[in-house]
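Following: one structure in structure tokens, then a few remarks.
The values are calculated or read from the model by the stated rules, or taken from the named source; none is laboratory data. Every value quoted in this text rests on a predicted model; they were computed, and no experiment measured them. With ideal geometry, Cβ positions are generated from the backbone for all residues, glycine too; neighbour counts draw on all protein chains shown.
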Amino acid sequence: MQADKTTLTDLSIFNIEEEQSVFHYLNFTRTIGGKEWLRYFLNTPFGSIKDITETQLTIKKIISVNAQWQNTLVSNGTIMVVEKFYETGIEEIPHNPNYISSVYYSVFSAPDFSFIRYSVKHFKDFFIGLQQVIDLLQAENNPPLLQTLVEQIKIRLNKPGLQAMLQFDDSKEISKQQLLALGHFLKRRFKHEALELIEIYSRLDAFYSMACACNKYNLCFPTFIDAEVPVIKAAALFHPLLPTPVSYDVTLHQKENFLFLTGANMGGKSTFIKAVGVAVYLAHTGMGVPAQEMQLTLFDGLLSNINVVDNIVQGESYFFNEVQRIRKTIDKISDGKKWLILIDELFKGTNVQDAMKCSSTVIEGLLKIKNSLFILSTHLYEIGEGLKKYPNIQFKYFETSVANDQLYFSYQLKDGIINDRLGYLILKREGVVDMLEKL
């Protein structure tokens with residue numbers, strides 16, 4: 001599924017302030033490599049139901065062993081020691097150390113000898129931890145993706161020379177000769193395999209993180225419908241980054257493929273649009289989604305028009321960039337494929353009359369595209385009346401009530417169009433009107 005950088009930013013999949021991103025919300029990785037693989041997974045949504053399903057099954061398997069996984073010996077510190085062992089220059093380790101050469105090395109290359117002893121201990125923890133992981137994951141019915149990773153670990157752990165290391169009794173002191181023999185084996189004959197094992201574990205760590213997130217936040221795995229026409233149907237869908245989110249039921253399909261959304265500022269329009277976008281995006285990565293239940297078709301792309309900015313350097317106005325974003329969107333979705341388009345407050349960068357004319361023109365044009373789904377929010381409720389003649393548009397709004405100059409937001413999605421104009425009330429409530437009158 002295609003999703004450009006603007007869309008990922010609009011949906012906060014990634015954010016300069018990482019703690020405000022979906023990525024941070026899902027990040028339970030234990031290693032630096034795992035974090036980078038998680039970033040890759042979230043940046044590379046799938047384009048086939050097969051890949052999505054296989055990833056879902058992999059995450060579900062890890063969820064089933066999540067508690068035991070937490071007790072395995074692999075840690076970021078252990079992996080860092082393993083990597084440093086190969087990055088650090090030390091005195092050449094004897095190829096076939098005997099008693100004399102081992103004592104000589106431990107005395108005249110004492111810092112390197114200590115480093116080898118420290119590293120070998122962490123290597124052993126790493127290998128034992130990997131063995132613990134494959135013991136947890138080993139099963140006859142594993143999805144191919146997971147089983148391939150398990151087999152890749154097993155092949156490397158079974159390399160001749162490595163098993164001797166795993167059989168050493170930790171309660172007994174390993175001899176200098178044995179230690180240097182292991183150090184030489186790891187340094188000269190196992191580097192490629194060790195770095196591969198780190199990479200494989202890092203991928204598993206990313207899946208582990210996704211499993212932890214699904215488990216902690218009670219995310220559901222969506223069902224994908226193999227159909228030529230686009231569908232989204234979700235029950236109790238919510239925005240994952242809100243501390244106390246409100247849930248929504250959403251249905252979009254070809255016969256009602258355009259959702260026209262109205263409501264006052266702060267009423268929940270932007271949050272709703274982003275919640276749908278985040279759920280659809282996560283579904284295409286194989287992740288669970290923030291909903292009680294969700295069904296959808298595979299989408300070819302997801303595009304948003306939410307946080308448009310001007311470009312002072314190039315002399316481009318806010319309105320010009322809005323127009324360019326719409327132009328690029330129309331150009332992309334004219335390919336007949338399945339797209340989800342999210343538009344929040346179209347044409348904010350021009351006057352009301354101009355915005356109404358431009359918005360009506362764009363909406364009426366987009367309504368001709370039957371193989372994509374659209375959600376568009378606007379303050380321009382007046383244009384809704386002229387759109388009611390189109391059978392494939394549905395009208396929803398977020399209600400706001402006023403009592404004693406106080407605003408009350410229900411954040412509940414309702415059928416119809418609302419004509420709330422609450423800007424002056426907010427200005428008054430925040431004391432700005434009183435400040436101006438006292439000037």
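Look through A139, A181 and report the one residue that is farther than 17 Å from R203 by Cα, in a helix (DSSP H, G or I) and in the same structural domain as N96 (by TED's automatic domain parsing).
Numbers: A139 fails: in a helix (DSSP H, G or I).
Sole residue among the options that is farther than 17 Å from R203 by Cα, in a helix (DSSP H, G or I) and in the same structural domain as N96 (by TED's automatic domain parsing): A181.
Would you check if there is a residue in region 84-103 being of a type in the set (D, E, K, R), within 30 Å of A206 (Cα to Cα) and over 26 Å from the mean Cα position of the chain (by Cα)?
Of all residues in region 84-103, those of a type in the set (D, E, K, R) come to 84, 87, 91-92.
Okay, now just the ones that are also within 30 Å of A206 (Cα to Cα), so 84, 87.
Still in the running and over 26 Å from the mean Cα position of the chain (by Cα): 84, 87.
Yes.
Which one of these is free of Cβ contacts under 8 Å to residues at least 40 places away in the same chain and under 25 Å from I369 (Cα atoms): T251, T244, T262? Talk me through it step by step, then tell me what you get.
Details: T244 fails: under 25 Å from I369 (Cα atoms); T262 fails: free of Cβ contacts under 8 Å to residues at least 40 places away in the same chain.
Matching residue, one of T251, T244, T262: T251.
Take region 347-388 and flag every residue that is at pLDDT below 95 and among the aromatic types (F, W, Y).
Those that are at pLDDT below 95 and among the aromatic types (F, W, Y): F347, Y381.
Can you work out which of the residues in region 85-110 that are among the hydrophobic types (A, V, I, L, M, F, W, C) and under 18 Å from F123 (Cβ atoms) is surrounded by the fewest Cβ atoms within 10 Å (Cβ to Cβ)? Give the steps one after another, and end with the answer.
Residues of region 85-110 among the hydrophobic types (A, V, I, L, M, F, W, C): 85, 90, 93, 100, 103, 107-108, 110.
If we keep only those that are under 18 Å from F123 (Cβ atoms) as well, we get 85, 90, 93.
Values: F85: 21, I90: 15, I93: 23.
The qualifying residue surrounded by the fewest Cβ atoms within 10 Å (Cβ to Cβ) is I90.
Exactly one condition in (1) assigned to a helix (DSSP H, G or I); (2) at pLDDT below 95; (3) buried (at least 18 other Cβ atoms within 10 Å of the Cβ) is false for V150; which is it?
(2)
Quick check on my filter: what residues within region 1-29 are assigned to a helix (DSSP H, G or I), closer than 16 Å to P240 by Cβ and not aliphatic (A, V, I, L, M)? Steps first, please.
As a first pass, look at region 1-29 and keep what is assigned to a helix (DSSP H, G or I): 5-10, 18-20, 22-26.
From the residues that got through so far, the ones that are closer than 16 Å to P240 by Cβ too are 8, 10, 18-20, 22-26.
Result: D10, E18, E19, Q20, F23, H24, Y25.
Tell me which of these L204 doesn't satisfy, since it passes every other one: (1) of a type in the set (A, V, I, L, M); (2) out of contact with any Leu (no Cβ under 8 Å at 6 or more places or on another chain); (3) crowded, with 17+ Cβ neighbours inside 10 Å.
The failed condition is (2).
Tell me, yes or no, whether region 168-177 has at least one residue that is in a helix (DSSP H, G or I) and modelled with pLDDT of 90 or more. Before the answer, list the steps.
Narrowing region 168-177 to residues in a helix (DSSP H, G or I): 176-177.
Next, from what is left, pick out any that are modelled with pLDDT of 90 or more: 176-177.
Yes, because at least one residue in region 168-177 is in a helix (DSSP H, G or I) and modelled with pLDDT of 90 or more.
Collect the residues in region 65-111 that are in a loop (DSSP other than H, G, I, E, B) and among the aliphatic types (A, V, I, L, M), keeping them in residue-number order. Even if it seems obvious, please write down each step before you answer.
Pass one, region 65-111, residues in a loop (DSSP other than H, G, I, E, B): 65, 70-75, 88-98, 109.
Those that are in a loop (DSSP other than H, G, I, E, B) and among the aliphatic types (A, V, I, L, M): V65, L73, V74, I90, I93.
If a residue has to be at pLDDT below 85 and either within 19 Å of V246 (Cβ to Cβ) or not assigned by TED's automatic domain parsing to the domain that holds F272 (or both) to count, how many in region 389-405 make the cut? Walk me through it before giving the result.
Going residue by residue through region 389-405, those that are at pLDDT below 85 are 399-405.
Next, only the ones that are either within 19 Å of V246 (Cβ to Cβ) or not assigned by TED's automatic domain parsing to the domain that holds F272 (or both) stay: 399-401.
Going through region 389-405 one residue at a time, the tally reaches 3.
Could you identify the single residue in T350, T378 that is in contact with a Ser or Thr (Cβ under 7 Å, 6 or more places away or on another chain) and β-branched (V, I, T)? Even if it seems obvious, please write down each step before you answer.
Details: T350 fails: in contact with a Ser or Thr (Cβ under 7 Å, 6 or more places away or on another chain).
Within the list T350, T378, the selection yields T378.
State the number of residues belonging to region 209-248 that are β-branched (V, I, T), outside any loop (DSSP other than H, G, I, E, B) and surrounded by fewer than 20 Cβ atoms within 10 Å (Cβ to Cβ). Walk me through it before giving the result.
Just the residues of region 209-248 that are β-branched (V, I, T), to begin with: 223, 225, 229, 231-232, 244, 246.
Next cut, outside any loop (DSSP other than H, G, I, E, B) only: 223, 225, 231-232.
Remaining after also requiring surrounded by fewer than 20 Cβ atoms within 10 Å (Cβ to Cβ): 223, 225, 231.
Number of matching residues: 3.
In region 55-62, is there at least one residue being without any contact (Cβ under 8 Å) to a residue 60 or more places away in the chain, buried (at least 16 other Cβ atoms within 10 Å of the Cβ) and outside the structural domain of V289 (by TED's automatic domain parsing)? Let's see the steps before the verdict.
Of all residues in region 55-62, those without any contact (Cβ under 8 Å) to a residue 60 or more places away in the chain come to none.
The answer is no, given that none of the residues of region 55-62 is without any contact (Cβ under 8 Å) to a residue 60 or more places away in the chain, buried (at least 16 other Cβ atoms within 10 Å of the Cβ) and outside the structural domain of V289 (by TED's automatic domain parsing).
Yes or no: region 26-33 includes at least one residue that is more than 30 Å from G301 (Cβ to Cβ) and either in contact with a strand residue (DSSP E or B) (Cβ under 6 Å, 6 or more places away or on another chain) or surrounded by fewer than 17 Cβ atoms within 10 Å (Cβ to Cβ) (or both).
Yes.
Scanning region 104-136 for residues that are among the charged types (D, E, K, R) and within 16 Å of F85 (Cβ to Cβ), which turns out farthest from the chain's Cα centre (by Cα)?
Looking only at region 104-136, we keep the residues that are among the charged types (D, E, K, R), and these are 112, 117, 121, 124-125, 135.
Of the ones still in play, those that are also within 16 Å of F85 (Cβ to Cβ) are 112, 117, 121, 124-125.
Values: D112: 42, R117: 40, K121: 35, K124: 33, D125: 30 Å.
The qualifying residue farthest from the chain's Cα centre (by Cα) is D112.
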